[in-house]
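A quick write-up on the structure given underneath.
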Amino acid sequence: MKYISTRGSVEPQQFSDILLGGLAADGGLFMPQSYPQIVDKLEAWRGLSYAELAFEIFSLYVDDIPADDLRALCDKTYTAENYPWCRAGKNANDIVPLTTIAPNFHLLELSNGPTLAFKDMAMQLLGNLFEYTLAKRGESINILGATSGDTGSAAEYAMRGKHGVRVFMLSPQGKMSAFQRAQMYSLSDANIFNIAVRGMFDDAQDVVKLVSNDAAFKAKYKIGAVNSINWARVMAQVVYYFKGYFAASKSNEEQVDFCVPSGNFGNICAGHVARQMGLPISRLVLATNENNVLDEFFRSGIYRPRTAAQTSVTSSPSMDISKASNFERFVFDLVGRDATAVRALWNQLDSPAIGQFDLNATPYLAKLAQYGFSSASSTHANRLEVIRSIWQTHELMVDPHTADGIHVAQKIRQLNVPMVVLETAQAAKFAETINEAINHQPLRPAPLNGIEKLPQHVSVMDADAQKVKAFIVEHCR
Ligand SMILES: *Cc1c(COP(=O)(O)O)cnc(C)c1O
């Protein structure tokens, strides 16, 4: 399998070459040249463990890592030890259990990893793939990122102790919850560097952009990223849909719906890929919070990203996204993989006078309907209501993002088709909203009790690219 850019001006590349890079050189995102078809494999795959299923799927996309090595990487990534927070009473070997909350209505538990969020599932794979590939090439990498909480901690837990990898993670000083700070800053691994910058998340993000735009510095210090446009993260997430499909259906003649709490369009993009491979998905339902750019697109055909200032801060903060960084992958397929059409649409988006695109009166709108997406949004009150009712009926705590998904799924589900809502985090990460909903502190896995009292490792700094560069130089000696 080779990988091509959505903007069409780079030579096709191998998996290992795009693994360590970010955007393609022409500013596009990497996509597989074609989607492998798997309908005749479903029967054989139905009984596989998560790690075996992951290996079968990745093998179709990765042809420059020997099969035995790829299998070993999957076994190492998707083992019960890496997903220690499966709720009590579950089969410890099933790292992604399905919980039924009503007839034909299920929750796929994806947040049993070290940071209690589904991002761990893909990030843990990335950690092992990076270490493997860097060792083979005799190279090293310095990962630089900015986080408002979830992504940074998932990245640090995936990269801690990995040979050839250092992580420099910027976070806004005092803007994360005490639990999030404790998760990141209590790590004492020698390859993890936490930098708290005086300012907001956007200030931290700007510093990362400034440092990464210094081409000479970037090359000399091998600066890399693990952000959500990384194809390996999307690929890792394709497995969720196969696992969820098999768990929610009895035969491969059935169809299943999925509902996905969405921000950067990474998770649901993986669902689109799974469906293009032939997985019998009836509908992919996209759930947003009050920041409903993507919901608006799927209902109207108009894509109108907001500025950061027009984006509200909500109680499902990981979905407070103004521009969905993976959306271009989907649009590439929608326009029949015509890179010229993608460039024309993004020229409209990037033009300050236009800043949006409208697919009405184009042939792409009919194609959009064929794909079978649905969408809706939810409010703070909807989230509280879902958290309350699931707690009352099942004694199960769901996090606010998962609650967005449940609300939307309830609103537009087809009663005769199994609906699987993807769980994106555990309630313990969002104590404030849970408390507001049910007047009860969320349950936390016992080993994480008292994590706030552990010694913390963090350097505080102005949001100044020169100072961050000097810090990197000093710690690369
Ligand atoms: C990242 C995240 C999302 C959004 O996922 P995307 O892949 O960006 O669409 C939703 N919920 C939680 C808890 C997250 O961490």
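Of all the residues in the stretch 303-329, those that are outside any loop (DSSP other than H, G, I, E, B) and either more than 10 Å from the ligand (Cβ to nearest atom) or without any contact (Cβ under 8 Å) to a residue 40 or more places away in the chain (or both) number 6. Of all residue pairs spaced 6 or more apart or on separate chains, those with beta-carbon atoms under 7 Å, a first member in the stretch 68-86 that is assigned to a helix (DSSP H, G or I) and a second member that is polar (S, T, N, Q) are Leu70/Ser59; Leu73/Asn128; Lys76/Asn128; Thr77/Gln124; Thr77/Asn128; Ala80/Asn93; Asn82/Gln124. In summary, strands (runs of 3 or more DSSP E) completely within the stretch 98-188 and bearing 2 or more residues that are more than 22 Å from Cys269 (Cβ to Cβ) occur at 98-102, 141-146, 165-172. From the list Val238, Val226, Val234, exactly one residue is crowded, with 21+ Cβ neighbours inside 10 Å, within 13 Å of the chain's Cα centre (by Cα) and either of a type in the set (D, E, K, R) or more than 23 Å from Glu109 (Cβ to Cβ) (or both). Which is it? That would be Val226, the only listed residue that is crowded, with 21+ Cβ neighbours inside 10 Å, within 13 Å of the chain's Cα centre (by Cα) and either of a type in the set (D, E, K, R) or more than 23 Å from Glu109 (Cβ to Cβ) (or both). Residues in the stretch 423-431: is at least one away from the ligand (no atom under 16 Å from the Cβ), of a type in the set (Phe, Trp, Tyr) and either part of a helix (DSSP H, G or I) or exposed (fewer than 15 other Cβ atoms within 10 Å of the Cβ) (or both)? The answer is no; no qualifying residue exists.
Does Phe242 meet the test of being more than 15 Å from the ligand (Cβ to nearest atom), farther than 29 Å from Asp203 by Cα and part of a helix (DSSP H, G or I)? It is true that Phe242 is more than 15 Å from the ligand (Cβ to nearest atom), farther than 29 Å from Asp203 by Cα and part of a helix (DSSP H, G or I). Among the numbered conditions (1) buried (at least 20 other Cβ atoms within 10 Å of the Cβ); (2) of a type in the set (Asp, Glu); (3) farther than 23 Å from Trp231 by Cα, the only one that Glu328 does not meet is (3). Of the residues making up the stretch 367-418, just one is part of a loop (DSSP other than H, G, I, E, B), among the β-branched types (Val, Ile, Thr) and crowded, with 24+ Cβ neighbours inside 10 Å, namely Val398.
The set of residues from the stretch 135-156 being buried (at least 20 other Cβ atoms within 10 Å of the Cβ), without any contact (Cβ under 8 Å) to a residue 60 or more places away in the chain and more than 13 Å from the ligand (Cβ to nearest atom) comprises just one member, Glu156.
Laboratory data are not the source of any read-out in this text; all were calculated from the coordinates shown. Quick caveat: nothing in here was measured; it's all calculated off a predicted structure. Heads up, the Cβs are rebuilt from the backbone with ideal geometry, glycines too, and the neighbour counts pull from every protein chain shown.
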